[in-house]
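Down below is the structure, laid out as structure tokens.
The values are calculated or read from the model by the stated rules, or taken from the named source; none is laboratory data. Computed from a prediction, not measured in an experiment: that's the story for all the values here. Ideal geometry is used to build each Cβ from the backbone, glycine not excepted, and the neighbour counts take in all protein chains shown. These accessible areas exclude ligands, DNA and RNA; they are computed on the full protein's heavy atoms, side chains included. Shrake-Rupley method; radii C 1.70, N 1.55, O 1.52, S 1.80 Å.
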Amino acid sequence: MSSTSTEPVRFDTKIAVLLREDLEPWQRLNVTAFLVSGLGAEIPEVIGEPYEDADGVGYLPMFRQPVLVFEGTKETLKAAHARVLSRALPRAVFTSDLFATGNDRDNRAAVRAVRTEELDVVGLAVYGPRNAVDKVLKGARMHP
């Protein structure tokens, strides 16, 4: 598709982040940033082309499509986590334990120390076909 086209761009995939509704504002931002970094690192097709301004200054590429942010209860997150695993969709997880760590090594150790069904998930990112992502997010609402 040409960059001069006026037709709306439609994607058959979706990038979504689900946050637990009781997070503090700073936690919501931090969790979202961490979660989407995992998708960009592991799934190259979600990344667009680099940017350049009129003076020729280059900027890093970003996602080629919007990231939709949702929120839900602790139970909504638990159910979404189970659904994303059952559908084997690409996902990133952020647990409450990660707020107490300060580096990547300790983050990974904190997740590894807890069994899957016992993870206290406060954030989840998912990428995949729109309808599959919608099913994972069942019961969540758009972030205000």
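Okay, here's what the table says:
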item	result
Where a residue in the stretch 19-42 is open to solvent by 60 Å² or more (accessible area, probe 1.4 Å) and at pLDDT 95 or above and its partner, wherever it lies, is part of a loop (DSSP other than H, G, I, E, B) and polar (S, T, N, Q), with Cβ under 7 Å and at least six apart	Glu21/Thr73
Residue check, Val9 closer than 23 Å to Val133 by Cα and crowded, with 16+ Cβ neighbours inside 10 Å	no
Residue pairs meeting the criteria (Cβ under 8 Å; at least 6 apart or on separate chains; first more than 30 Å from Leu19 (Cα to Cα), in the stretch 47-69; second open to solvent by 80 Å² or more (accessible area, probe 1.4 Å))	Glu52/Tyr59; Asp53/Tyr59; Gly58/Pro50; Gly58/Tyr51; Gly58/Glu52
The one condition in (1) loosely packed, with under 12 Cβ neighbours inside 10 Å; (2) modelled with pLDDT under 95 that Met62 fails to fulfil	(1)
Residues of the stretch 69-88 classified as loosely packed, with under 15 Cβ neighbours inside 10 Å and not in a helix (DSSP H, G or I), total	2
Residues that are within 13 Å of Val121 (Cβ to Cβ) and under 14 Å from the mean Cα position of the chain (by Cα), drawn from the stretch 73-92	Leu77, Ala80, His81, Val84, Arg91, Ala92
Subset of the stretch 43-52 that is more than 17 Å from Pro90 (Cβ to Cβ) and open to solvent by 50 Å² or more (accessible area, probe 1.4 Å) - its residue that is modelled with the lowest pLDDT	Glu49
Extreme residue, nearest to Val17 (Cα to Cα), among residues of the stretch 103-125 that are assigned to a helix (DSSP H, G or I) and hydrophobic (A, V, I, L, M, F, W, C)	Val111
Ser96 vs. criteria more than 18 Å from Ile43 (Cβ to Cβ), surrounded by 13 or more Cβ atoms within 10 Å (Cβ to Cβ) and not hydrophobic (A, V, I, L, M, F, W, C)	yes
Considering residues of the stretch 126-144 that are part of a strand (DSSP E or B) and either modelled with pLDDT of 95 or more or β-branched (Val, Ile, Thr) (or both) only, the residue farthest from Ile15 (Cα to Cα)	Pro129
